[in-house]
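Peer 1: My questions will all concern the structure given below.
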Amino acid sequence: MISERYNARKCELHWQSVWEQNSVFQAAEDPAKPKYYVLEMFPYPSGRIHMGHVRNYAMGDVVARYKRARGFNVLHPMGWDAFGMPAENAAMERGVHPGEWTYSNIDAMRTQLKHMGLSLDWSREFATCDPEYYRHEQAMFIDFLAMGLAYRKKSRVNWDPVDNTVLANEQVIDGRGWRSGAPVEQRDLSQWFLKITDYAEDLLESLDGLERWPEKVRAMQRNWIGKSRGLLVRFAFSPDKRLKSGQSLDVYTTRPDTLFGASFCALSPEHPISKSLAAGNPDLAAFIRECQQLGTSEEEIEKAEKRGFDTGLKVLHPFDSNWQLPVYVANFILMDYGTGAIFGCPAHDQRDLDFANAYKLDVVPVVIPEDADPATFTIENEAYTGPGKIANSKFLDGLSVNEAMDVVAAKLEKRGTGERQTHYRLRDWGVSRQRYWGCPIPIIYCENCGTVPVPKAELPVRLPKDVSFDKPGNPLESHPDWKYVKCPQCGRDALRETDTFDTFIDSSWYFARFCAPRSSNPTETQATDYWLPVDQYIGGIEHAILHLLYSRFYTRAMHKTGHINIDEPFGGLFTQGMVIHETYRTPEGNWLTPDEVKITGEGETRSAIQIETGQKIIIGPIEKMSKSRRNTVDPARIIEHYGADTARWFMLSDSPPERDIEWTDAGIEGSSRFVQRLWRTLQQGLLIISPIAAPKPDRFGAESNLLRKATHRTLAAVSADIETLRFNRAVARIYEFTNTIVAAVSTADAHKDSGFAWALREALQYLTCMIGPMMPHLGEECWSALGQETLLANASWPQIEQDLLEDDTVTIAVQINGKRRGEITYPRGSSNDVIESLALKLDSVSRTLQSKEVRKIIIVPERIVNVVI
RNA sequence: GCCCCUGUGGCGGAAUUGGUAGACGCGCUGGAUUCAAAAUCCAGUUCCCGUACGGGAGUGGGAGUUCGAUUCUCCCCGGGGGCACCA
């Protein structure tokens, strides 16, 4: 029989409309059913989805559909992280309004996502740039302010002196503005901050309770919070007329044990003492300006060559007032950490060592490894940070590192020149952005009343539509009238805050909004109490720290202000690997998409040209797919050509979901072939299988029993794989199982076997259920072909018969000296004596043993036999 | 620079978490079917020696622990992510 090929395009449209017409995926609270909230990180509407999105949403959809089948009331919503810089860049480059650009992107991407056949509740969709969303953000900010969770302080930004605009770190390239090319400066601006540091300890401790989070994410957050115990040391200055009398230099150190190895002190360029000295010293002022050209990013600062400026000031060593240490201003000292000043111990800190070598300062090792000789142990280009005994440190000599820390801390505390402290690396969250396309900060500045929140009744503070991007800088600032308002308290002329919120705020609570997306309050307790926390959150590993930590904090802040009753937003987290791809740039530095480039040659001779112009292209590093690098691959052609099911299946196959994958469509033919093969096998099977309501036979023949074992074992394995999100393994099991079915269907003998028709129906039905979460359209088509009248999307996950999972015999390998020499099969539960004699009887073993003496036989039942000779 | 992850055939990867390395898929080779092609089916496919039987090597590199290491420990090398204004 020649069966018809599976027509993906026709079937996919059909089932998508059936699901939609029946509102199959619309969720509602149902206290009688256990809930399950599946959420994938919502996308930034860049215009087109790329393969990274397909991977993310295919994974989430498998979980959502699987949990539905398992009887859960599933919430699986979708929305848009719609504020952000790319919309403003589009406005500047193409003159299109950010809102218009964003909404048309949303339309395009929604269509693409719908073609994927995801089990989403689209009735809950929202975009964060909608005033009906961001008004609640404004209301909550006012609540945060009232509760002391928000405050204003001066903070530095990257400033482009030519474009007169604030630059994001991404827009600073080698210390220059990306458009103007002008060296970047740092500027102090008054900005709003949220007090995430209030929760540093809680955010740290609670990580232990997040058992369904990857350990690596918890580790990254722990390091980010960076709790340290150390000592604040007050260095007295040697008298100097540039200082106020009694002024001391406060230094925070986690290594007080190395105090005798100190050879200098260093101040951050932003340190108050640096600034006051600079006022009277043009050379120092110039040096500080140079430091500031590195921009604000920690990466730039730490990678830069270590440089310093000798202030001429001296401090006295706390344990020896005859010992003076020079005080530098140094480019690698961060004002935000500790006190913004350090004492440098070059022997035991690499940065200090680099600095000391550059400025010819002493390098005295004071921690000596156990196996080293203190008399000869020296440090040259590599600092020693390991354990050891203290040396060259007077009364500390011979102590361990920890003992020495205690002794130093105790002595200085007693003297009043030191204080044990706990510090966190975590800084407060700066949320002000000098940009248009974000949520306006609902604050009014009145000369009379000061900082006044916009009354809640007047929310939302809407973004004005009539803005111009002709001038650089924030269009809200230059808007003719938007910022001029009356003070809500005294009615006098006042000014609106023209900064908008960091877009991380938008994504810090959207999961809560999805529970009741049309509520006139930010959240609806009845809905959030039912749905939250998110049971399975899925997104890229690149969000391991910022987004996930901000959300954890924001949830706590919402709890404190009465908007929610939980502290941890995400019960289970899965961080998928990124889809990465090579990057391509023209010699002028313009990014090109993979479509625009032709690659020739291999290895050393590999090169690329731009298809349109024939010009040679620079092949850049392999990076995560992103709009800004243009290294994205649009799934549209793949979906159009092969169908959404094939695209989904392909993305789930092969690679473990947490691993990065370099995009290639090699192998997609295989996925497509499998779809056809499965459909064909089903067609052939339909001619053999028993009717839908046929009762289960009392007994099964050998062939049928083998098939049933394969069916139930595959189901057990696939269920476990989906529960743990190991989709690639589930795919492999399904391939194997399909091969088994194909073989059974094509074996004439099997058909005569007792109960085979029933066993084959069972196999095909189970197979259909198993592919359903991954290839839902094909699943529905098969389900219907099998004579089912319900939707597979609403069907229950099949039952496993436990007694089909176990065999009565065991096959294990026999090794000689750890090298495999053969295998034996024996009845389950056999004694070690039986196993041993079977193993020794093997030809391959006995042959080797003839000339050798057996020293030991290791038998691990049901695992291995190892004969040691 | 710092923190986190990662490395297995020609390619993506599997290995019950210390117990048969290479499941499954891709690709490739040969064959069947066909007027021909597509599709499909069958066989083979880690590398080296050998017609074969078989033997040896082998999980980025080096050391270690163990009867046994892809798995645990240490050092080194390559790749990716994050570094607070990309999202």
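Read-outs throughout are calculated quantities, based only on the coordinates presented, and are distinct from any laboratory measurement. These numbers were taken from a predicted model, which means no experiment stands behind them. Reconstructed Cβ throughout: ideal geometry from the backbone, glycine too, with neighbour counts over all protein chains shown.
Peer 1: By how many degrees, between 0 and 90 and to the nearest 10, does the Cα long axis of helix A:85-94 differ from the longest principal axis of chain A?
Peer 2: The two axes meet at around 90 degrees.
Peer 1: By what distance, in whole Å, do the Cα atoms of region A:424-469 stretch along each of the three principal axes, largest value first?
Peer 2: Between the extreme Cα coordinates on each principal axis of region A:424-469 lie 42, 32, 21 Å.
Peer 1: For region A:113-188 and region A:285-326, what is the centre-to-centre distance using only Cα atoms, to the nearest Å?
Peer 2: The two parts, judged by their Cα centres, are 32 Å apart.
Peer 1: Convex hull volume of the Cα atoms in region A:240-397, per residue, in Å³?
Peer 2: On the way: hull volume 18.5 nm³, N = 158.
Dividing the Cα hull volume of region A:240-397 by its residue count gives 117 Å³.
Peer 1: Let me check I have the definition right: for region A:673-823, take the eigenvalues of the Cα gyration tensor, multiply each by 5, take square roots. What are those semi-axes in whole Å, largest first? Walk me through the intermediate numbers first.
Peer 2: Values: eigenvalues 152, 82, 43 Å².
Values for region A:673-823, descending: 28, 20, 15 Å.
Peer 1: To the nearest 0.05, how large is the calculated FRET efficiency for residue A:669 and residue A:170 if R₀ is 35 Å and r is the Cβ-Cβ distance?
Peer 2: With a Förster radius of 35 Å, E is 0.40.
Peer 1: Looking at the calculated P(r) for chain A, what percent of the C-alpha pair distances fall above 35 Å?
Peer 2: For chain A, the fraction of Cα-Cα distances above 35 Å is 64 percent.
Peer 1: Give A:244/A:314; A:114/A:627; A:216/A:624; A:303/A:616; A:216/A:627 a once-over and call out the pairs whose C-alpha atoms are over 23 Å from each other.
Peer 2: A:303/A:616; A:216/A:627
Peer 1: Which whole number in µm²/s is D for region A:408-550 by Stokes-Einstein, with the Kirkwood Rh taken over Cα pairs at 10 °C and 1.306 mPa s?
Peer 2: For these conditions, the coefficient is 82 µm²/s.
Peer 1: Most exposed first by the Cβ proxy, i.e. fewest other Cβ within 10 Å, how do A:80, A:323 rank?
Peer 2: Sorted ascending by nearby Cβ count, the order is A:323, A:80.
Peer 1: Using 0.36 nm per residue, how much length does the chain from residue A:188 to residue A:610 gain when fully extended, once their Cα-Cα distance is taken away?
Peer 2: Fully extending the segment from residue A:188 to residue A:610 adds 147.6 nm.
Peer 1: How would region A:6-161 be classified by its alpha-carbon gyration tensor: rounded, prolate or oblate, with rounded meaning a/c under 1.5 and the a/b versus b/c comparison settling the rest?
Peer 2: Cα axes put region A:6-161 in the oblate bin.
Peer 1: Out of all DSSP beta bridges with both ends in chain A, state the antiparallel percent to the nearest 5. The partial results should precede the final answer.
Peer 2: Numbers: 84 of 107 bridges.
If we restrict to bridges inside chain A, about 80 percent are antiparallel.
Peer 1: Where the centre of each part is set by its Cα atoms, how far does region A:33-52 sit from region A:505-566, in angstrom?
Peer 2: Between the Cα centre of region A:33-52 and that of region A:505-566, the gap is 15 Å.
Peer 1: Would you mind putting A:835-847, A:102-114 in packing order, based on average other-beta-carbon counts within 10 Å, highest first?
Peer 2: Taking the mean over residues of other Cβ atoms within 10 Å, the ranking is A:102-114, A:835-847.
Peer 1: Local charge sum around residue A:100 (other residues, Cβ-Cβ under 12 Å, Lys/Arg +1, Asp/Glu -1)?
Peer 2: On the way: positive: A:94, A:465; negative: A:107.
After counting each charged neighbour, the total is +1.
Peer 1: Taking a cut-off of 17 Å between Cα atoms, list the aspartates and glutamates near residue A:227, but don't count ones fewer than 8 places away on the same chain.
Peer 2: A:198, A:201, A:202, A:205, A:208, A:336, A:419, A:428
Peer 1: Another question, if that's okay. Can you give the net charge of the other residues whose Cβ lies under 13 Å from the Cβ of residue A:67, counting K and R as +1 and D and E as -1?
Peer 2: +2
Peer 1: Using helices alone, what [θ] at 222 nm do you get for chain A, with -39,500 (n - 2.57) per DSSP H run of 4 or more residues, divided over all residues and rounded to the nearest 500? Let's see the in-between values first.
Peer 2: On the way: 27 runs with 303 residues, N = 869.
Calculated at 222 nm, the ellipticity per residue is -10500 deg cm²/dmol.
Peer 1: While we're looking at this one, here's another question. Can you tell me which aspartates and glutamates have their Cα less than 13 Å from the Cα of residue A:752? Leave out same-chain residues fewer than eight positions away.
Peer 2: Within reach: A:703.
Peer 1: What share of Cα pairs, in percent, lie more than 13 angstrom apart in region A:367-428?
Peer 2: Tail of the P(r) past 13 Å holds 70 percent of the pairs.
Peer 1: Another question about this same structure. For chain A, what relative contact order do you get, as a whole percent, if you take Cα pairs closer than 8 Å and at least 6 residues apart?
Peer 2: Relative contact order of chain A: 13 percent.
Peer 1: Could I ask something else about it? Just the number, please: percent antiparallel of the DSSP beta bridges in region A:496-625, rounded to the nearest 5.
Peer 2: Given both bridge residues lie in region A:496-625, the antiparallel proportion sits at roughly 75 percent.
Peer 1: Another one. Of all DSSP beta bridges in region A:234-329, what percent run antiparallel (nearest 5)?
Peer 2: Percentage antiparallel, nearest 5: 75.
Peer 1: Here's something else I'd like to know. Could you state the number of Å between the C-alpha centres of region A:87-103 and region A:218-259?
Peer 2: 47 Å
Peer 1: Now, a different point. Check cross-link reach from residue A:465 to the lysines: straight Cα distance under 16 Å, and skip same-chain residues fewer than eight apart.
Peer 2: Counting by Cα, and skipping residues close in sequence, residue A:465 has these lysines nearby: A:483.
Peer 1: Using the 10 angstrom Cβ neighbour count as an exposure proxy, how do A:630, A:648 rank, fewest first?
Peer 2: A:630, A:648
Peer 1: What is the helix-to-structure angle for A:131-146, meaning the angle in degrees between its Cα long axis and the longest Cα principal axis of chain A, kept from 0 to 90 and rounded to the nearest 10?
Peer 2: So the inclination is approximately 50 degrees.
Peer 1: On to the next question. Relative to the first principal axis of the alpha-carbon coordinates of chain A, what is the inclination of helix A:702-723, with its axis defined by its Cα atoms, in degrees from 0 to 90 and to the nearest 10?
Peer 2: 10 degrees
Peer 1: Ok, one more. I'd like the Kirkwood hydrodynamic radius of region A:782-869, using the inverse of the mean 1/r over distinct C-alpha pairs, in Å.
Peer 2: Working: mean 1/r = 0.0626 Å⁻¹.
When all Cα pairs of region A:782-869 are included, the Kirkwood radius is 16.0 Å.
Peer 1: Also, quick follow-up: Which whole-number percent gives the relative contact order of region A:460-531, counting Cα pairs below 8 Å spaced six or more residues apart?
Peer 2: Computed over region A:460-531, the figure is 15 percent.
Peer 1: Another question, if that's okay. Over region A:399-484, what lengths in whole Å, largest first, do the semi-axes of the equivalent ellipsoid take, defined as the square roots of 5 times the eigenvalues of the alpha-carbon gyration tensor?
Peer 2: Semi-axes (√(5λ), whole Å): 51, 17, 12.
Peer 1: Still on this structure, I have one more. Going by how many other Cβ atoms sit within 10 Å of their own, how do A:766, A:436 line up, fewest first?
Peer 2: Arranged by neighbour count, lowest to highest, A:766, A:436 become A:766, A:436.
Peer 1: Any idea what the relative contact order of region A:244-342 is, in percent, if you count C-alpha pairs under 8 Å spaced at least 6 apart?
Peer 2: 41 percent
Peer 1: Taking K and R as +1 and D and E as -1, what net charge do the other residues with C-beta under 9 Å from the C-beta of residue A:814 add up to?
Peer 2: +1
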